[in-house]
């Protein structure tokens with residue numbers, strides 16, 4: 001819905017690129033902001049994300065039946081993720097959510113809230129649920145502070161807080177860190193972002209959402225047949241990969257830049273960033289058959305691979321949790 005953050009008026013603030021232009025990329029020192037975020041001393045304004053509330057006594061059973069995660073037994077205060085898939089198992093929405101005992105609160109990508117609410121409204125039938133977009137009232141702020149207690153009226157969603165929008169400028173009492181800092185740590189943690197590491201063909205296995213956003217034995221939901229078929233019988237056609245980029249190149253490859261091997265395109269860049277320790281890094285999606293030990297070109301930049309989703313994913317092969325970095 002395009003609500004410009006007041007934190008863009010902070011001295012030194014530089015706006016991020018699309019679709020994040022309503023929040024700051026950085027406040028003058030991206031590497032220092034990364035370190036402060038890791039130390040639990042800073043928070044990130046992600047108020048361009050959109051917030052949806054689902055109320056009513058049938059909400060958890062209803063969302064469980066519609067989406068990929070097991071939500072009917074979700075405990076109050078327990079944050080999780082879920083996906084809405086199309087009939088062919090392709091990802092249409094990615095939600096980060098929590099239930100507070102009375103309502104489910106979810107945040108989604110910029111521009112995704114209205115379409116999500118419209119689709120959920122069509123699926124209500126006679127159930128006791130009420131869906132509303134509340135982006136105008138709540139802003140997403142992210143942090144890594146172990147001791148932070150959200151203020152009254154705010155909702156904790158794991159490392160995110162849904163903060164009443166009129167309190168956004170206070171940023172939970174922490175120093176500001178820009179979206180560049182958040183994205184560098186997200187990439188280092190191997191976490192895909194919907195619309196960046198996904199496209200109109202993405203299925204959950206390709207980007208490692210099995211487990212974190214998809215429960216394999218929860219029962220039927222739209223797209224579940226494809227998920228089960230890939231998991232039990234086949235392999236996803238593509239795989240998410242972490243890239244260490246050549247640090248001598250000044251420009252980072254942008255989202256959508258081709259990933260090539262021996263002159264042939266084998267994938268695309270999802271996100272790239274400069275990490276305070278690792279240097280330039282990226283997430284990309286490549287064809288499953290690309291050998292894991294081959295060097296690649298990402299937007300013309302030399303890159304070495306680090307496996308996230310293995311080539312033999314599916315057929316009951318799971319992602320090794322040790323491959324996922326921890327940013328805390």
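A few remarks follow.
- Each peptide among 217-229, 22-34 gets the average number of other Cβ atoms lying within 10 Å of its residues, and from highest to lowest they stand as 22-34, 217-229.
- Label reach from residue 260 (point 7 Å along Cα→C-beta): in region 286-315, amide nitrogens under 12 Å belong to 297-302.
- Label corresponding to Cα extents along the principal axes in Å when calculated from the structure given, among (i) 74, 48, 28; (ii) 56, 53, 31; (iii) 78, 50, 35: (ii)
- Helix-only [θ]222 nm of the chain, DSSP H runs n ≥ 4, -39500 (n - 2.57) each, per residue, nearest 500: -4500 deg cm²/dmol
- Rounded if a/c under 1.5, otherwise prolate or oblate - region 84-193, Cα gyration tensor axes: oblate
- Residues 201, 122, sorted so that the one with the fewest Cβ neighbours within 10 Å comes first: 122, 201
- Kirkwood Rh (inverse of mean 1/r, distinct Cα pairs), region 202-311, angstrom: 14.8
- For the pair residue 100 and residue 246, label points projected 7 Å from Cα toward Cβ lie 5.1 nm apart.
- Bridge type composition, region 202-311 - antiparallel percent by DSSP, nearest 5: 95
- For region 50-133: rounded, prolate or oblate by the Cα gyration tensor [a/c cutoff 1.5]: rounded
- Remark: the residue 147-residue 119 segment gains 6.3 nm on full extension, using 0.36 nm per residue and subtracting the alpha carbon distance.
- Peptides 161-167, 3-9 ordered by average Cβ neighbours within 10 Å, highest first: 161-167, 3-9
Every read-out reported here was derived from the displayed coordinates using simple, explicitly stated rules and does not represent laboratory data. Remember, it's a predicted structure, so these values are computed and weren't measured experimentally. Counting neighbours? That spans all protein chains shown, and the Cβs are built from the backbone with ideal geometry, glycine included.
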